[in-house]
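Here the structure comes first, spelled out in structure tokens, and everything after it is commentary.
Nothing in this text is a laboratory measurement; each read-out follows from the coordinates by a stated rule. Computed from a predicted model, the values in this text were never measured in an experiment. A quick note on method: Cβ atoms are made from the backbone with ideal geometry, for glycine too, and the neighbour counts reach across all protein chains shown.
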Amino acid sequence: MPSRVRYQIVFLALVIDMISYMDRVCISVAAPAMRTEFGFSPTRMGAVFSIFSLSYFLLQAPWGMLADRYGARGIVATAILLWSGFTALTSMAWNYASLLVTRLLFGASEAALSPSIASAYGRWIPVSERSTAFGAFLSGGRIGGAMAPPVAAWILARHGWRAMFLAFAGLGAAWSVVWWAYYRNHPREHPGVTEAELKVIEAGGRSGQVQEERTSLADQGGS
């Protein structure tokens, strides 16, 4: 009976994407309070939002190259710790420049996630299951985007916007430990993977399909 470690990795990745979107969306809830405290204009607050996308766009490919070379275990764990750290530092912003810098670095860190998970799936998920697995991963972001506003608003109303960023940062830091503890860069390195699952992964998940095609061809040849 094949093990199901690859599905557990898909679940871990889904949760990471959920957390990443919670971390990036929560600032929209905090924006009115931050503008009031710092006296930002709408234009300045818009630049704070935009600078995340700039670094995110620029660094996705470099992060993907690192994940392909060194594996997603360390890259993803490091990226989560980094973006959680910059989320925490956002809570300590004291002026416009400090907020711009933290959000720039936050975007640079979050840029690692999607290419690194793609690299991980290339090693762990059979071709026949890969689109489904990546769809599940992306759904984590939609869940996180939906959850973040009410959760962030609840924390902000009771403890303020700075505490809100610290809470989300702590969640990410904790999940980085879970990823590091469970994930391995290659299926053969994971103690929970059975030989049967390993064969499915290495065959691309197509062994049943290939056998079915061979049977069909044999039947045609015998008719």
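Here is how the numbers come out for the structure above:
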item	result
Region 1-21 residues near the modelled Ser128 label - backbone nitrogen below 17 Å, point 7 Å along Cα→Cβ	1-7
Surface/4 estimate of mean projected area, convex hull on alpha-carbon atoms of the chain, nm²	14.9 nm²
Test item: Cα-centred dipole of the chain, Lys/Arg +1 and Asp/Glu -1 on Cβ, debye	520 debye
The chain: relative contact order as a whole-number percent, Cα under 8 Å and 6+ apart	36 percent
Three-way shape call for region 57-168 based on the alpha-carbon gyration tensor, with the a/c threshold at 1.5	oblate
Cα-based helix-to-principal-axis angle, 5-38 vs the chain, degrees rounded to 10	10 degrees
Over region 1-65 - Rg/Rh using Cα atoms and the Kirkwood inverse-distance radius	1.20
Max mean-square fluctuation residue, GNM over the chain, Cα-Cα springs under 10 Å, options Ala108, Ala173, Ala181	Ala181
Options Val10, Gly71, Leu59, ranked by Cα towards positive dipole end of the chain, top entry (Cβ charges)	Leu59
